[in-house]
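A.B. asks: Just dropping this structure here.
Any read-out appearing in this document is the output of simple, stated calculations on the displayed coordinates, not a laboratory observation. Everything numeric in this text was worked out from a predicted model, so none of it was measured. Here the Cβ positions follow ideal geometry from the backbone for every residue, glycine too, while neighbour counts run over all protein chains shown.
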Ligand code: ADP
């Protein structure tokens, strides 16, 4: 049901806009506006298909990824750099607490996982809210905690948000345009690294995502 909703919504818009143009119900000067809507919805659908393909590839463990020592602090900093403008627009402040630490990982995947968690932490935040990353490391593992001051996640839904296409009612009302697949990708990436991802949250107070990853032979 979740999948068909996410696929049907953009397709219904695309088909509807195209139909009224075809029937001549749109004035000449309004055509670029309607074409723009069709384009935007098509892009959304394309992104969704790409996400689904990526998650299946992760499931199949077929892609030959490059494993190398990756500095987690740098990964978090890169994620924040990419999200800086979005955070500014939403008036959300970003902090990283911790030091440079390396683990054996697939850089591109780890960057994507951290980006997705931070993107949500900004998207589901409040005006003048914070997103803080805390990094800690032992000889065996590294931990990334992303804490936000946002809308929170009801307790009964906290295990479900890692399912593909699952979105909470709280976030649906936000019109952020997400498809509910970001955290499923995070989970698949973390599992590919033999790690775990968990969440604790309180509605109206914020959420805390904890990613724990083994340090890996090379970096110990
Ligand atoms: P989406 O594209 O909807 O953001 P995700 O898979 O990334 O999809 O997240 C699934 C759902 O989990 C979101 O729709 C939202 O309901 C909830 N969620 C994820 N992160 C947070 C957060 N930091 N605060 C509140 N809700 C969150």
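A.B. asks: Under 8 Å for C-alpha pairs, at least 6 residues apart: give me the relative contact order for the chain, rounded to a whole percent.
C.D. replies: Over the chain, the number comes to 20 percent.
A.B. asks: For labels at residue 155 and residue 89 in the simple 7 Å Cα→Cβ model, what's the distance in nm?
C.D. replies: Result for the modelled spin labels: 3.6 nm.
A.B. asks: If you don't mind, another one. Between residue 9 and residue 30, what's the calculated FRET efficiency when r is the beta-carbon distance and R0 is 25 Å? Round to 0.05.
C.D. replies: Using R0 = 25 Å, I get an efficiency of 0.65.
A.B. asks: Right, another one. Label-point separation (nm) for residue 53 and residue 169, each offset 7 Å from Cα along Cα-to-Cβ?
C.D. replies: 3.7
A.B. asks: Name the most mobile residue of 84, 40, 202, meaning the one with the largest mean-square fluctuation, in a Gaussian network model of the chain with Cα contacts below 10 Å.
C.D. replies: Maximum fluctuation in the GNM of the chain, among the listed residues, is at 40.
A.B. asks: Now, a different point. At q = 0.33 Å⁻¹, what is the base-10 log of I(q)/I(0) for region 112-152 according to the Debye formula with one equal point scatterer per Cα and no solvent? Please give it to two decimals.
C.D. replies: Reported log10 I(q)/I(0), two decimals: -1.10.
A.B. asks: Please list the three semi-axes, largest first and in whole Å, of the ellipsoid equivalent to region 26-146, using sqrt of 5 times the eigenvalues of its alpha carbon gyration tensor.
C.D. replies: Semi-axis lengths for region 26-146 are 34, 22, 10 Å.
A.B. asks: Give me the Kirkwood hydrodynamic radius of region 1-78, using the inverse of the mean 1/r over all pairs of distinct Cα atoms, in Å to one decimal.
C.D. replies: By the Kirkwood definition, the hydrodynamic radius is 15.9 Å.
A.B. asks: Sticking with this one: Place the peptides 104-110, 144-150 in order of packing, highest mean first, counting for every residue the other Cβ atoms within 10 Å and averaging per peptide.
C.D. replies: Result, highest mean Cβ count within 10 Å first: 144-150, 104-110.
A.B. asks: Could you compute Rg(Cα) / (2.2 N^0.38 Å) for region 84-220, with N its residue count?
C.D. replies: So the Cα radius of gyration is 1.03 times the expected 2.2 N^0.38 Å.
A.B. asks: Ok, one more. Counting other C-beta atoms within 10 Å, which of 193, 5 has the fewest, and how do the rest follow?
C.D. replies: 5, 193
A.B. asks: Another question about this same structure. 222 nm [θ] for the chain, helices only, -39500 (n - 2.57) per DSSP H run of 4+, per residue, to 500?
C.D. replies: Mean residue ellipticity at 222 nm (helix-derived): -15500 deg cm²/dmol.
A.B. asks: Turning to a different aspect of this structure: Assuming 0.36 nm per residue, please report the length gained on full extension of the stretch residue 60 to residue 140 beyond their Cα-Cα distance.
C.D. replies: 26.1 nm
A.B. asks: I would also like to ask the following. With a 10 Å cut-off between alpha carbons and a GNM built on the chain, which of 24, 129, 182 moves the most?
C.D. replies: 24
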